[in-house]
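Below: the structure, in structure tokens.
The values are calculated or read from the model by the stated rules, or taken from the named source; none is laboratory data. Note that the coordinates shown come from a computational prediction; the quantities given were computed from them, not determined experimentally. Cβ sites come from the backbone with ideal geometry, for glycine too, and all protein chains shown count toward neighbours. Each accessible area value is taken on the protein alone, full model and side chains, heavy atoms only, with ligands, DNA and RNA left out. Shrake-Rupley method; radii C 1.70, N 1.55, O 1.52, S 1.80 Å.
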Amino acid sequence: MIERYSRPEMTALWDPETKFRIWFEIEAHACDAQADLGVIPKEAARAVWERGRFEVERIDEIEAEVKHDVIAFLTNLAEHVGPEARFVHQGMTSSDVLDTCFNIQLVRAADLLLSDLDQLLSVLKRRAYEHRDNITIGRSHGIHAEPTTFGLKLAQAYAEFSRAKKRLIAAREDVATCAISGAIGTFANIDPYVEAHVAEKLGLTIEPVSTQVVPRDRHAMYFATLAVIASSVERLATEVRHLQRTEVLEAEEYFSPGQKGSSAMPHKRNPVLTENLTGLARMVRSYAFPAMENVALWHERDISHSSVERMIGPDATITLDFALHRLTGVMDKLLVYPDRMKANMDRLGGLVNSQRVLLALTQKGVSREDAYRLVQRNAMKVWDTDGKYHLLDLLKQDKEVTDNLASEELEALFDLGYHTKHVELIFQRVFETE
């Protein structure tokens, strides 16, 4: 992952130093369990903890010769532990270390991502209440539909990311397993107690049945969850991008003093952050597919998944961590323009109330087909003249309409408060029933 889209805490999870530290802890805890069972001397287990050291550069040097990363690590560890190192890795296979470590890293990454989501949710809730009653036009197919509030837009985003948090919690739990079951997963050369002991010490649960590896359906679900969260990031980012278009300009990214929008045009204020988030979301989604393809390994194990996971583990988590942090900043500082929202809504001369007039006519006994025809023929005059006329005025001049609805009844149908009467209920559903 390139530094531009990385944050230190998440990046550190995937640093070789962190990985080998986890490997060491797995091996050392396993030695403790083996000592409890009497398989190895207790003095040997203590020696591993007391003298156990490793150097990333030395491990790389050994691996260049032996072409095996776990053997390289164990060799370097033995250089420090001494003769007692012969008791390390008793009955274990490389995947016992690799898979347990990978799951620990994914769990820790999930914890950071959950913290990111909490920060985003906090900002969305605050801004949703801030703009709860700011009326704006809702759009379907990009076209004016009916009024909503900007607060409802943000409440929808809050609800979506709340679901994302629940999914990530479940994915974290699903991947938080430890497998130390030996060469083919049968515990032939290692007691199941060792697995249970290491799992407890490292905050994992035991893998009920492994082969030589942890089943990769767990990881597929994890990365699929990250992909869905990324899609939610893109959805909100896309909304901001649309609202910042010059013809709309109902909201825009904060533009800091000294910031430049274009190398050629000094007037530009571009939605660069949300455009960036759209691209990052594409990348996170792309990691879900190889994770799913990793599920179908040959028999009890092959290593076709290994190269994939060395890439997608860091890249997916680091990218999503950065994206969630950036989105939180965008929404925290988002500039919102209620006056422009009202001007845009008024631009088409009351057309947003067409459905209400349609329904009122049907309540007066007009067939739905005729009511639709009456409203549409007046609405199209407004549409075709880009709001030169107002729908209410045209309806008052249409005898077929006024035969059924008096002027005061028509005027009442154009009250915007009608469209926002249930906003409080929706807010209660979103924020007060969590």
Review point. If THR317 satisfies every condition in (1) farther than 19 Å from ARG7 by Cβ; (2) in contact with a helix residue (DSSP H, G or I) (Cβ under 6 Å, 6 or more places away or on another chain) but one, which is the exception?
Key: (1)
Exercise for review: Of the conditions (1) loosely packed, with under 13 Cβ neighbours inside 10 Å; (2) under 30 Å from GLY279 (Cβ atoms), GLU43 clears all except one; give me its number.
Suggested key: (2)
Practice item. Output the qualifying pairs, or none if there are none: Cβ atoms under 7 angstrom, residues six or more apart or on different chains, first residue in region 265-282 and more than 14 Å from VAL240 (Cβ to Cβ), second residue modelled with pLDDT under 95. Key: LYS268/GLY261; LYS268/SER262; LEU280/TYR5
Exercise for review: Please state which one of GLY349, GLY365 is assigned to a loop (DSSP other than H, G, I, E, B) and touching a Gly at 6+ places or on another chain (Cβ under 6 Å).
Suggested key: GLY349
Exercise for review: May I ask you to verify whether PHE223 is more than 30 Å from ILE135 (Cα to Cα), open to solvent by less than 20 Å² (accessible area, probe 1.4 Å), of a type in the set (Phe, Trp, Tyr) and modelled with pLDDT of 95 or more?
Suggested key: yes
Review point. Of all the residues that make up region 1-31, how many are over 20 Å from LEU77 (Cα atoms) and surrounded by 20 or more Cβ atoms within 10 Å (Cβ to Cβ)?
Key: 2
Practice item. Return yes or no: is ASP60 over 34 Å from the mean Cα position of the chain (by Cα), under 23 Å from PRO314 (Cα atoms) and assigned to a helix (DSSP H, G or I)? Key: yes
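Okay, residues lined up against (1) free of Cβ contacts under 8 Å to residues at least 12 places away in the same chain; (2) over 38 Å from the mean Cα position of the chain (by Cα); (3) within 21 Å of SER94 (Cβ to Cβ):
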| position | (1), (2), (3) |
| --- | --- |
| ARG4 | yes, no, no |
| THR18 | no, no, yes |
| ALA30 | no, no, yes |
| LEU37 | no, yes, no |
| ARG46 | yes, yes, no |
Study note, to complete from the structure: Expected output for region 338-354 (first residue among the basic types (Lys, Arg), partner crowded, with 16+ Cβ neighbours inside 10 Å and modelled with pLDDT of 95 or more, Cβ below 6 Å, 6+ apart or cross-chain) is ARG340/LEU249; ARG340/GLU250
Review point. Is it true that some residue in region 99-115 is of a type in the set (S, T, N, Q) and in a loop (DSSP other than H, G, I, E, B)?
Key: no
Exercise for review: Return the residue satisfying two criteria in turn: it lies in region 183-212 and is in contact with a Gly (Cβ under 8 Å, 6 or more places away or on another chain) and of a type in the set (Val, Ile, Thr), and of such residues it is surrounded by the fewest Cβ atoms within 10 Å (Cβ to Cβ).
Suggested key: VAL209
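Every residue, every condition in (1) under 36 Å from the mean Cα position of the chain (by Cα); (2) open to solvent by less than 50 Å² (accessible area, probe 1.4 Å), yes or no:
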position: VAL66; (1), (2): no, no
position: VAL70; (1), (2): yes, yes
position: LEU74; (1), (2): no, yes
position: ARG86; (1), (2): no, no
position: SER94; (1), (2): yes, yes
position: LEU98; (1), (2): yes, yes
position: ILE104; (1), (2): yes, yes
**Study point:** Residues satisfying the stated conditions in region 130-160, i.e. within 16 Å of VAL228 (Cα to Cα), surrounded by fewer than 20 Cβ atoms within 10 Å (Cβ to Cβ) and among the hydrophobic types (A, V, I, L, M, F, W, C)
**Key:** ALA159
Exercise for review: Starting from region 192-204, take each residue that is farther than 14 Å from GLY182 by Cα and list its partners that are outside any helix (DSSP H, G or I) and open to solvent by 50 Å² or more (accessible area, probe 1.4 Å), counting only C-beta distances under 7 angstrom and pairs at least six apart or across chains.
Suggested key: ALA199/THR205; ALA199/ILE206
Check your understanding: Mind checking which pairs have a first residue in region 246-263 that is more than 20 Å from THR136 (Cα to Cα) and a second that is assigned to a loop (DSSP other than H, G, I, E, B), Cβ under 6 Å, 6 or more apart or different chains?
Key -> PHE255/ARG269; GLY261/LYS268; GLY261/ARG269; GLY261/ASN270; SER262/LYS268
Point to revise | Matching residues, region 54-94, being closer than 26 Å to THR186 by Cβ and of a type outside the set (A, V, I, L, M, F, W, C) | key: HIS68, ASP69, ARG86, HIS89, GLN90, GLY91, THR93, SER94
